[in-house]
Ligand code: C5P
């Protein structure tokens, strides 16, 4: 993975890069449904230190190339949220940019690959073209607003209401994806009880790993049961993570995560799981602090 130059003082038009970090829902409570069918959520969202890399260089036309270990099947036309993000920013001005995505995250996997890419594109191209970010980025996808942030967030509404949380204790993660695509709409519609309790009104400031895990253990991912019913192999991923302090599915699946106190515990678990199931996508990464 190439090194990003996030935050580097590259002026408009300069070549630059952004990382599109994986989005992980440590909790995902479905608390209701809007008249338009979208579901109301209450979710603790973090970013893991593994992701796609997006690069931009000056060009007269807008183009997108995709490479990397997970490039296969990724569209390079208007179906790709990166180009939709570019069009949203450009607003018909006809500006060009040569975009190159290094794809490392599995798609349709519950870790926001497409939304994280779209957010990285918005951030990168707003700087490249010297234009402001639009206000309604949720139009691109419900997870795009949270992917424009970095530290831990409480995400509510359908994804557009964000409350930054206090820094979390150091925490390491293993992400495991068994290679099945789970369509988000199908998982939401298979959810029978759409009015489940939210997280506590106040999310405390956690002083240590154990306290954080105890809190998370009392929370849920309401989409896990319908996702596992559709793809039982998700249950096998959770089983593979049974030595973690907490194991749970992210988003609508199929990616599951395990939380560990130290990087070496996470790396050992990732090594053990990839040896036992070499066909699965497995990554060890810290939770990003900010
Ligand atoms: O917004 P995004 O395109 O990521 O959402 C994909 C699908 O997931 C939506 O079309 C909708 O069926 C479902 N969804 C939902 N409630 C949300 C987010 C997504 O029902 N809060």
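Each reported figure results from applying straightforward, stated rules to the coordinates on display, with no laboratory input. Keep in mind it's a predicted model, so treat the numbers as computed, not measured. Note that we place each Cβ from the backbone using ideal geometry, even for glycine, and neighbour counts take in every protein chain shown.
If the condition is being within 15 Å of the ligand (Cβ to nearest atom) and under 21 Å from the mean Cα position of the chain (by Cα), then region 25-43 contributes 25, 27, 28, 29, 30, 31, 38, 39, 40, 41, 42, 43. Among the residues of region 180-204, those identified as within 15 Å of the ligand (Cβ to nearest atom) and assigned to a loop (DSSP other than H, G, I, E, B) are 181, 182, 183, 191, 192, 193, 194, 195, 196, 198. Consider residue 54 carefully, then state whether it is without any contact (Cβ under 8 Å) to a residue 40 or more places away in the chain, more than 16 Å from the ligand (Cβ to nearest atom) and either in contact with a strand residue (DSSP E or B) (Cβ under 9 Å, 6 or more places away or on another chain) or over 22 Å from residue 166 (Cβ atoms) (or both). Answer is no for this residue. Remark: residue 226 matches the filter, which requires a residue to be touching a helix residue (DSSP H, G or I) at 6+ places or on another chain (Cβ under 6 Å) and closer than 25 Å to residue 38 by Cβ.
For the structure I just gave you, tell me whether residue 133 is over 17 Å from the mean Cα position of the chain (by Cα), more than 16 Å from the ligand (Cβ to nearest atom), crowded, with 23+ Cβ neighbours inside 10 Å and over 13 Å from residue 23 (Cα atoms). Here the answer is no, as residue 133 does not meet what is asked. Within region 147-158, track down each residue that is touching a helix residue (DSSP H, G or I) at 6+ places or on another chain (Cβ under 9 Å), over 16 Å from residue 124 (Cα atoms) and away from the ligand (no atom under 11 Å from the Cβ). Result: 153, single match. Just wondering, is there one or more residues in region 205-218 that are in a loop (DSSP other than H, G, I, E, B), buried (at least 18 other Cβ atoms within 10 Å of the Cβ) and within 16 Å of the ligand (Cβ to nearest atom)? Looking for residues that are in a loop (DSSP other than H, G, I, E, B), buried (at least 18 other Cβ atoms within 10 Å of the Cβ) and within 16 Å of the ligand (Cβ to nearest atom), one finds none in region 205-218, hence no. Scanning region 184-196 for residues that are surrounded by 12 or more Cβ atoms within 10 Å (Cβ to Cβ) and touching a residue at least 24 places away in the same chain (Cβ under 8 Å), we see that the one that is nearest to the chain's Cα centre (by Cα) is 184.
Residue 110 fulfils the conditions (1) away from the ligand (no atom under 12 Å from the Cβ); (2) under 25 Å from residue 214 (Cβ atoms) except for a single criterion, (1). Just wondering, is there one or more residues in region 93-107 that are surrounded by fewer than 15 Cβ atoms within 10 Å (Cβ to Cβ), more than 30 Å from residue 266 (Cβ to Cβ) and out of contact with any strand residue (DSSP E or B) (no Cβ under 8 Å at 6 or more places or on another chain)? Yes, region 93-107 contains at least one residue that is surrounded by fewer than 15 Cβ atoms within 10 Å (Cβ to Cβ), more than 30 Å from residue 266 (Cβ to Cβ) and out of contact with any strand residue (DSSP E or B) (no Cβ under 8 Å at 6 or more places or on another chain).
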